[in-house]
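Take a look at the structure below.
Laboratory data are not the source of any read-out in this text; all were calculated from the coordinates shown. Keep in mind that this is a model prediction, so the values were computed, not measured. Every residue, glycine among them, receives a Cβ derived from its backbone with ideal geometry; neighbour counts consider all protein chains shown.
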């Protein structure tokens, strides 16, 4: 893999027809929903790129906060911007629309609350020109908060395909809003899948990893904003469940079997995964994978994620760190749930100590006792509304 610029191929200059660029090098794909606070800085960061041979496609997905007025102001000043306004349909349909109407051979993703550094496109084009076997390239990022303050720690993404494949079993090793992709590869493999909303990028990377190479340039070329409103916070249960099912579907494809989620509009509930994949025991494994990842999300712990965690612990899940979850529930102002969790933890701890003290051969004479906990509602199999 080379980071050196490839030999430049002669290319015709930009061609404009009826006020629109017909042969751009890059199509920038941005979907916006109520980003009025940040959208100006985000758009300006794209218009300030050192490589300016692009069309800038912006879908206003039914914003109600004045985002569209800001977008239209920029569109009047720069004819590279094409605005598509629509009723709210959600991120996945919006991104697929952008893929469909893009004119350039390369797609660059951008979110309406992030900020690209000026050389981002230039460096990504250099990489893709020098490495034709790669179909997707991202970058490292600087994390910032709602007010633009830099975080102390920043994720480092794999800088070659081998590292990407190694990491993708644990997490999504690309920052979605940094990626530049070869359009035809994405189109040929169906774009984003609606069933995987809230983890649509991870599902796409898993599918593309069997057809092309993916990595990130080891340079920080975007400011990535983290906030309580982002998907990983608001939809933690759906995102973690979807990511776990995406990994299962990927394993099916790797082993030469049909992906059972291919034609689904909605993913199955965890309880229904055994039936979807046609094998027993998968639901239990999925629950043990997802439940421990939900304990930091106030939204998940206030909702169905708590019941999933309780079912996991009743089924023998690891107790390590769960007293910290107890404290977190109090912080989230859920004292009744903290009490339920505390009772279960005490009951399991007592039961384990009693078992350790019971002489071999006498356990059968001790009557069984059940934990005094409230029964959680089952995770319901229902569609999740789009924001």
Handout entry: region 253-367: C-alpha gyration tensor shape, a/c 1.5 cut-off, then a/b vs b/c
Key = oblate
Problem - Degrees between helix 304-314 axis and first principal axis of the chain (Cα, 0 to 90, nearest 10) - result: 40 degrees
Completion exercise
In the chain the DSSP beta bridges are antiparallel at a rate, in percent to nearest 5, of 25 percent
Exercise for the section: Multiply the residue separation of residue 155 and residue 40 by 0.36 nm, subtract the distance between their alpha-carbon atoms, and state the gained length in nm to one decimal. Expected result: 38.9 nm
Problem - region 13-169 - percent relative contact order, Cα under 8 Å, separation 6 or more - result: 27 percent
Handout entry: region 214-325 - percent relative contact order, Cα under 8 Å, separation 6 or more
Key = 25 percent
Practice task
Sticking with the crude label model, points 7 Å out along Cα→Cβ, report the distance from residue 288 to residue 254 in nm, one decimal please.
Solution key: 1.9 nm
Problem - Relative contact order, percent, the chain [alpha-carbon distance under 8 Å, six or more residues apart] - result: 14 percent
Practice task
Report the full-extension gain for the segment residue 73 to residue 349: residue separation times 0.36 nm, less the Cα-Cα distance, to one decimal in nm.
Solution key: 93.1 nm
Exercise for the section: Express the C-alpha Rg of region 235-294 as a ratio against the empirical globular expectation 2.2 N^0.38 Å, rounded to two decimals. Expected result: 1.05
Problem - Cα-based Rg / Dmax (Å) for the chain - result: 24.0, 88
Completion exercise
Quick calc: nm separation of the 7 Å Cα→Cβ label points for residue 145 and residue 162 -> 4.0 nm
Practice task
Given the options 347, 244, 271, state which has the largest fluctuation in a GNM of the chain using a 10 Å cut-off (strictly under) for Cα springs.
Solution key: 347
Practice task
Report Rg(Cα)/(2.2 N^0.38 Å) for region 295-347, keeping two decimals.
Solution key: 0.99
Problem - Mean residue ellipticity (222 nm) of the chain, computed from DSSP H runs ≥ 4 via -39,500 (n - 2.57), nearest 500 - result: -11500 deg cm²/dmol
Handout entry: Max mean-square fluctuation residue, GNM over the chain, Cα-Cα springs under 10 Å, options 274, 53, 65
Key = 65
Practice task
Could you tell me how many degrees, from 0 to 90 and to the nearest 10, lie between the Cα long axis of helix 120-130 and the main elongation axis, the longest principal axis, of the Cα atoms of the chain?
Solution key: 90 degrees
Fill in the blank from the handout: Most fluctuating of 151, 355, 246 in the GNM of the chain (C-alpha, under 10 Å) is 355
Handout entry: Degrees separating the helix 236-254 axis from the principal Cα axis of the chain, which is the longest one
Key = 80 degrees
Problem - Cα-only radius of gyration and Dmax that characterise region 16-123, units Å - result: 12.8, 35
Completion exercise
Residue separation between residue 184 and residue 263 times 0.36 nm, minus their alpha-carbon distance, gives in nm 26.3 nm
Handout entry: Theoretical FRET efficiency, 1/(1+(r/R0)^6), r = Cβ-Cβ of residue 279 and residue 336, R0 56 Å, to 0.05
Key = 0.95
Problem - Cα centroid separation, region 61-111 to region 229-254 (Å) - result: 25 Å
